[in-house]
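Peer 1: Would you mind keeping the following structure in view while I ask a few things?
The values are calculated or read from the model by the stated rules, or taken from the named source; none is laboratory data. Keep in mind it's a predicted model, so treat the numbers as computed, not measured. Note that each Cβ is placed from the backbone with ideal geometry, even for glycine, and that neighbours are counted across all protein chains shown. What goes into the accessible areas is simple: the full protein's heavy atoms, side chains included, and nothing from ligands, DNA or RNA. Shrake-Rupley method; radii C 1.70, N 1.55, O 1.52, S 1.80 Å.
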Amino acid sequence: MQTQVQTQVQIQAVAQVPPPLRLLSLDDGDVRGGTLEILQALRNETGFEPYETFDMICGTGSGGIVALLHGALKIPIDECCKIFHKMPLQMFDSESFKQSSGRGTVVEKTALLERFFKNTIRDKCGDENLLLDKKTGSPRVFVVSTSGDITSGEAWLFRNYDDVYAGGTYGVKVWEAARATSAVPGIYDGIAIDDSRYVAGCIGGNSNPAHIMWMATKRISVWRNRPVGCIVSVGCGVPPTIPANVKTQKEDLARRHAEFARDCKRVHEELDGGGVGPEEKGIYFRFNVPVGSTAQQYLGSQSTVSLMKSLAEKLPRGRNAAPASPRREVI
């Protein structure tokens, strides 16, 4: 028979085992087309804000902006929705891109977006030059940009944690990270930070950063012995393909956006097909509102409701708590 001391030691040992990692990745695109509603639905299902339950949140472009506002600055998801609906129209409206051209317009749009970022951060946090560093605490957050030029640039991560093994920067201003991840050439200017220039992460084929997130977790030493409980990837739908015979610069940019959407699908298919490793089956969840459907329709479908409930079972009630159920669902 076990003694009371042995039982107590076993209980303490179990209590010291950290819970599995929960990872959240947000695609580039018009997040008002589904991303924010999906995160609200997840919050409603668990009773906790996503930043309270995920250990890492990452994003590219507008998904990166959500990661910064919600994950790093801990602005509630409902408030993030209000912020995005106040954001300058050209951040999302492709028609406004096509109706304007010229260097002066790009400069004006860039200045307008940069001022919006600074004002939002100042209004919510008191300092428009707040740094993206350890002071923003858990969860770990990064956004994806592209370092260098359009053709030869590499993925560059702006993080609130240090990682000496991968290309990235720790401790930049939050608004700088927001500018870098969303600076699509021809629409917004890139941004120079410490003698380097950065443009949008989608340029490097990283509109869906889930695969980058998966590799990033492997480089965090304190996580090396922690299993992964779930990888959640949230998309923004797929824009229509632009005809190949259209030659204008603006529509060429739009065509590249369609290519970025295909990159999102490629990463999803790699992870869904076992790219996370055979031992990790049943931990990958992908939410993406289909073209022609609304977020409300998508979230109301039986398959999405079931997927959301399966995910909620894997999420803790607070980041350091155990999941609602240890049972694994094979999706």
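Peer 1: Give the accessible surface of the range 22-80 per residue, rounded to a whole number of Å², with probe radius 1.4 Å and ligands, DNA and RNA excluded. Before the final figure, lay out the partial values.
Peer 2: Details: 1200 Å² over 59 residues.
Per-residue value: 20 Å².
Peer 1: Please work out the FRET efficiency for the pair K309 and K74, using the Cβ-Cβ distance as r and a Förster radius of 35 Å; give the result to the nearest 0.05.
Peer 2: Taking R0 as 35 Å, the efficiency between K309 and K74 is 0.85.
Peer 1: Taking H as built 1.01 Å from N, whose amide H comes closer than 5 Å to the amide H of Y284, not counting residues under 5 places away?
Peer 2: Amide H neighbours of Y284: I231.
Peer 1: Quick one: what are the phi-derived ³J(HN,Hα) couplings along the range 51-65, Karplus 6.51/-1.76/1.60 with θ = phi - 60°, whole Hz, x for glycine and proline?
Peer 2: Values, residue by residue: 5, 7, 10, 9, 7, 9, 10, 9, x, 10, x, 5, x, x, 5 Hz.
Peer 1: Sticking with this structure for a sec: Quick check: residue separation of E108 and D127 times 0.36 nm, minus the Cα distance between them. What number comes out in nm? Present the calculation step by step, with values, prior to reporting the outcome.
Peer 2: Numbers: separation 19, 0.36 × 19 = 6.84 nm, distance 2.35 nm.
Stretched out fully, the E108 to D127 stretch lengthens by 4.5 nm.
Peer 1: Right, another one. How large is ³J(HN,Hα) for each residue in the range 285-302, as worked out from phi by the Karplus curve 6.51 cos²θ - 1.76 cosθ + 1.60 (θ = phi - 60°), to whole Hz, x for Gly and Pro?
Peer 2: The phi angles translate into 10, 10, 10, 7, 5, x, 4, x, 10, 8, 4, 5, 5, 5, 5, x, 5, 4 Hz.
Peer 1: Can you compute the modelled spin-label distance between D194 and D162, with each label point 7 Å from Cα toward Cβ, in nm?
Peer 2: Output for this residue pair reads 1.2 nm.
Peer 1: Another question, then. Once you've got the Cα coordinates, tell me which of K82/K309; K74/K218; K118/K314; K74/K314; K134/K314; K82/K109 are over 28 Å apart.
Peer 2: K118/K314
Peer 1: Ok, one more. If amide H atoms are built 1.01 Å from N in the plane of the peptide, which residues on other chains or at least 5 residues away come under 5 Å of the amide H of V228?
Peer 2: Answer set, sorted by chain and number: L21.
Peer 1: Sticking with this structure for a sec: I'd like to compare 72-85, 43-56, 168-181: which one has the highest average count of other Cβ atoms within 10 Å, and what's the full order after that?
Peer 2: The packing order, highest mean first, is 168-181, 43-56, 72-85.
Peer 1: For the range 176-240, with every protein chain kept in place, what is the accessible area per residue (1.4 Å probe, Å²)?
Peer 2: Averaged over the residues of the range 176-240, the accessible area is 33 Å².
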